[in-house]
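Here the structure comes first, spelled out in structure tokens, and everything after it is commentary.
Read the figures in this text as sums done on the coordinates, not as results from a lab. Predicted model only: the values in this text are computed from it and were never measured. Using ideal geometry, Cβ is built from the backbone for each residue, glycine included, and neighbour counts are taken over all protein chains shown.
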There are 2 protein chains.
Amino acid sequence: MHYVRLGSDIFLAGLRGGPAMKSFIGTFVNKIDAKGRISVPAPFRAVLQTKSLSGVTCYPALTGPCIEGCGLDRIEAMVETLPDDPIPSVDEDAIAHLIFASARDLPFDGGGRIVLPADFLKKADLTDQGAFVGKGRTFQIWNPTALEAVQAEMFNRAMEERAAQVKEKAIGSKARTEAV
Amino acid sequence: MHYVRLGSDIFLAGLRGGPAMKSFIGTFVNKIDAKGRISVPAPFRAVLQTKSLSGVTCYPALTGPCIEGCGLDRIEAMVETLPDDPIPSVDEDAIAHLIFASARDLPFDGGGRIVLPADFLKKADLTDQGAFVGKGRTFQIWNPTALEAVQAEMFNRAMEERAAQVKEKAIGSKARTEAV
DNA sequence: CTTAGTACCATTGACGCCCATAAATTCCCA
DNA sequence: TGGGAATTTATGGGCGTCAATGGTACTAAG
């Protein structure tokens, strides 16, 4: 049987370090030191490195008490897509203020860390630990405790929704059998 | 050997450049060692290899106490389909949190194993053995004992449903014959 | 002079990577 | 068709590297 060996052969071919990940995936909890420094998870750094970026762009999330981050390229893409109206809509103006104005490009230090500005720490209620949460095109930095609560709530909601679907189906099939 | 061998013709089909096996099929029980490592069944690795993937992406299943896995390509396809909105909808946000955030890309070691993170082991109640269950586009990793129980229950439910259908049909046909 | 911010070095513990082994299956050839 | 050789799979263990983290020196600004 001549399977291509999945180990060293492929790695030697240049795929070392796993597949070139393009999205932010996974959750990683790291420490925040007295200077506000926190290590960006290596897998997230790898995503940014494929874009030749040596830092992350962060801004307060619009959806919850956390900080959102992505590559600088995404911010610039957002600028491109926003219509260049002399009189922007309320939404556009809000986005401009809330994201562009408060966004900051945070460069990595030698060890792959960034320093979180004081207002970011406050916004996300970050003290001694930060949870990096992959969300696909972006990631978020949460207070681990707050994250757990929010995710638990989302999980419960999903379960209820699923339960409702099952019930729906049961009623439907019952109706069908009764119609016979 | 507790390894269900699939027909060699399937393997040969994959080797000769023809259409390779594309779906996760079959059930395989492998050991989990002290480091949390488990061998991914060779047939499953073969599926991933056709996509040039050297790892699997796993996440806690929303449907039961098990871990679900697939190729990274499937996850990134989901990322692509979701709109890149600065203010995502609640549903989109929930998907991101429940899938992307809890997913981990687990690369193969030289022997075709992955290491299961502690939270995954806990979620699926995995200790010394893990059962890989093919589910087509994805597969699941179960505690073998729990899997057996769930499958037995599913079988019983299917039988009951069938019995109910037979009964309904009998009543229906009786009603029709009496009406004649 | 003090303080804040930044860049650079140093440690260590986990984990990625490799080797080795044994069982088992497939292949090949008599 | 049968038996032996060669792969291949699954699994155990050791070692080296890198990521995460703490600390220090340097620069600039108040």
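Residue by residue, the stretch A:116-124 carries 3J(HN,Hα) couplings of 7, x, 4, 5, 5, 4, 5, 4, 9 Hz when phi is fed to the Karplus relation 6.51 cos²θ - 1.76 cosθ + 1.60 (θ = phi - 60°); x denotes Gly or Pro.
Each residue of the stretch B:141-157 was assigned a 3J(HN,Hα) from its phi angle through the Karplus curve 6.51 cos²θ - 1.76 cosθ + 1.60 (θ = phi - 60°); the sequence is 10, 10, 5, x, 5, 4, 4, 4, 4, 5, 5, 4, 5, 4, 4, 4, 4 Hz, with glycine and proline shown as x. Checked against a 22 Å cut-off, the cross-linked pairs A:31/A:135; B:35/B:123; A:31/B:31 give Cα-Cα distances beyond that limit for A:31/B:31.
Fewest-first ordering of B:93, B:73 by other beta carbons within 10 Å of each residue's beta carbon gives B:73, B:93. Ranked for footprinting exposure by Cβ neighbours inside 10 Å, fewest first, A:90, B:90, A:56 give A:90, B:90, A:56. Applying a DSSP loop filter and a limit of 16 other Cβ atoms within 10 Å to the trypsin sites (Lys or Arg not before Pro) in the stretch B:18-68 leaves B:22, B:35, B:51.
Close amide H partners of residue B:61, meaning residues 5 or more places away or on another chain with modelled amide H under 5 Å apart, are B:66, B:67, B:68. Here the label points at residue A:96 and residue A:35, each 7 Å from Cα along the C-beta direction, are separated by 3.7 nm in the simple model. Taking amide hydrogens as placed 1.01 Å from N in the peptide plane, the amide H of residue A:55 sits under 5 Å from those of A:108, each at least 5 positions away in sequence or on another chain. Label sites at residue A:105 and residue B:146, each approximated as a point 7 angstrom past Cα along Cα to Cβ, lie 4.6 nm apart. By the count of neighbouring beta-carbon atoms within 10 Å, fewest first, B:115, A:133 end up ordered B:115, A:133.
For the stretch A:23-34, the Karplus equation 6.51 cos²θ - 1.76 cosθ + 1.60, evaluated at θ = phi - 60°, returns couplings of 10, 7, 9, x, 10, 9, 9, 10, 7, 10, 8, 4 Hz by residue, with Gly and Pro reported as x.
Inter-chain Cβ neighbour count for A:118-127, averaged per residue, equals 0 (cutoff 10 Å, partner chain atoms only). Once the C-beta distance of residue B:127 and residue A:42 is scaled by a Förster radius of 22 Å, the resulting FRET efficiency is 0.20 to the nearest 0.05. When the stretch A:33-142 is described by a simple charge dipole with +1 on each Lys and Arg Cβ and -1 on each Asp and Glu Cβ, the residue from A:96, A:63, A:117 located farthest towards its positive end is A:117. Report the calculated FRET efficiency for residue B:84 and residue B:171 (r = Cβ-Cβ distance, R0 = 45 Å), to the nearest 0.05. It comes out at approximately 0.25.
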